[in-house]
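First comes the structure, then the notes that go with it.
The values are calculated or read from the model by the stated rules, or taken from the named source; none is laboratory data. Since the model is a prediction, treat every value here as computed from it, not as a measurement. Neighbour counts are summed over all protein chains in view; Cβ atoms, including those assigned to glycine, are modelled from backbone coordinates with ideal geometry. Only protein heavy atoms, including side chains, enter the accessible area calculation; ligands, DNA and RNA are left aside. Shrake-Rupley method; radii C 1.70, N 1.55, O 1.52, S 1.80 Å.
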Amino acid sequence: TTAAALERFTVNFTITNLPYTSDLENPDSAKFRATRRVMNTLLDRLLKGSSIGPVFQGCETTDFRY
């Protein structure tokens, strides 16, 4: 048995009820970190419950854009 190769993929989407502020440009800001934590949690739940769930390893929010 061989270990499955991990493959990264990018997902871009629009959050219509999150007003963009300059704090979201700075990965060290409290707002960025809190928003990233919430997004990662919600996306993890969503994707773990999808067809890729059995092989899903987790997600990572890299940035927020206007």
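What to note about this one:
- Fully extending the segment from N26 to D44 would add 4.2 nm, taking 0.36 nm per residue of separation and subtracting the current Cα-Cα distance.
- Label zone at L6 (point 7 Å along Cα-to-Cβ), backbone N below 18 Å, the range 23-58: 40-41, 43-45, 47-48, 52-58
- For the range 13-28, backbone nitrogen atoms closer than 13 Å to the point 7 Å from I52 Cα along Cα-to-C-beta are found at 13.
- Mean ellipticity per residue at 222 nm, deg cm²/dmol - from DSSP H runs of n ≥ 4 across the chain, formula -39500 (n - 2.57): -10000 deg cm²/dmol
- Expressed as a whole percent, the accessible area of the chain that falls on carbon and sulfur atoms is 51 (1.4 Å probe).
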